[in-house]
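> Provided herewith is a single structure, encoded as structure tokens, for subsequent inquiry.
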Amino acid sequence: MVRFAEEKDLDIINELRKQVNDIHVEGRPDIFKAGFGTELRDYAQVLINGENSDIIVAERDGIICGMACVDYVNKPETPFGNARCFYHVQEIAVDVNHRRQGVAKELLEFMIEDAKKRKLGKIELDVWEFNESAIEFYQAVGFRQMRRWLEYEVK
């Protein structure tokens, strides 16, 4: 079952978010901070209570085993670009014990239906290059690359 999160879900949501943070810390310790402090924990509540954001959770046998933090973006026209509205996935996590069991796909299917209801024609997200399993999943379900960020290390 996939549904919108409630405040009573925050503890398990933050456990899942910490798993994602740990992956990022391991992949890029030069960018991401180890640990999962109060500000990171409190951000989940901001999303649940936000006017243009939500957290979606996936349950198996009544236990939350996956989640996605999303926001609904409305970018006005600028001299450089057209106005556009889209569904933005900030974070997606599946508990380590439930990976490769269809949980992320269920979350995505829920997001697709929710995006349709909101009349948002695209779902966008970004992913770090070190997160190869996430990239493989996103490509397998139909996401395609639309932009690249590059870095140059000055020595």
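The values are calculated or read from the model by the stated rules, or taken from the named source; none is laboratory data. In this text, all values refer to a predicted model and were calculated from it rather than measured experimentally. Reconstructed Cβ throughout: ideal geometry from the backbone, glycine too, with neighbour counts over all protein chains shown.
> Looking at region 107-128 only, could you name the residues that are part of a loop (DSSP other than H, G, I, E, B) and either exposed (fewer than 15 other Cβ atoms within 10 Å of the Cβ) or not aliphatic (A, V, I, L, M) (or both)?
Arg118, Lys119, Gly121, Lys122, Asp126, Trp128
> Counting only residues that are surrounded by 11 or more Cβ atoms within 10 Å (Cβ to Cβ) and either more than 19 Å from Asn131 (Cβ to Cβ) or of a type in the set (A, V, I, L, M) (or both), how many does region 16-33 have?
4
> Failed condition for Ala44, given (1) crowded, with 16+ Cβ neighbours inside 10 Å; (2) more than 21 Å from Ser133 (Cβ to Cβ); (3) touching a strand residue (DSSP E or B) at 6+ places or on another chain (Cβ under 6 Å), with all others met?
So the condition that Ala44 fails would be (3).
> Find all pairs meeting these conditions: Cβ atoms under 6 angstrom apart; at least six residues apart or on different chains; first residue within region 30-51 and in contact (Cβ under 8 Å) with a residue 60 or more places away in the chain; second residue in a loop (DSSP other than H, G, I, E, B) and of a type outside the set (S, T, N, Q).
Close Cβ pairs satisfying both conditions: none exist.
> Return only the number of the condition from (1) more than 24 Å from Pro29 (Cβ to Cβ); (2) surrounded by 11 or more Cβ atoms within 10 Å (Cβ to Cβ); (3) at pLDDT below 95; (4) not small (Gly, Ala, Ser) that Arg100 does not satisfy.
Result: Arg100 fails condition (2) only.
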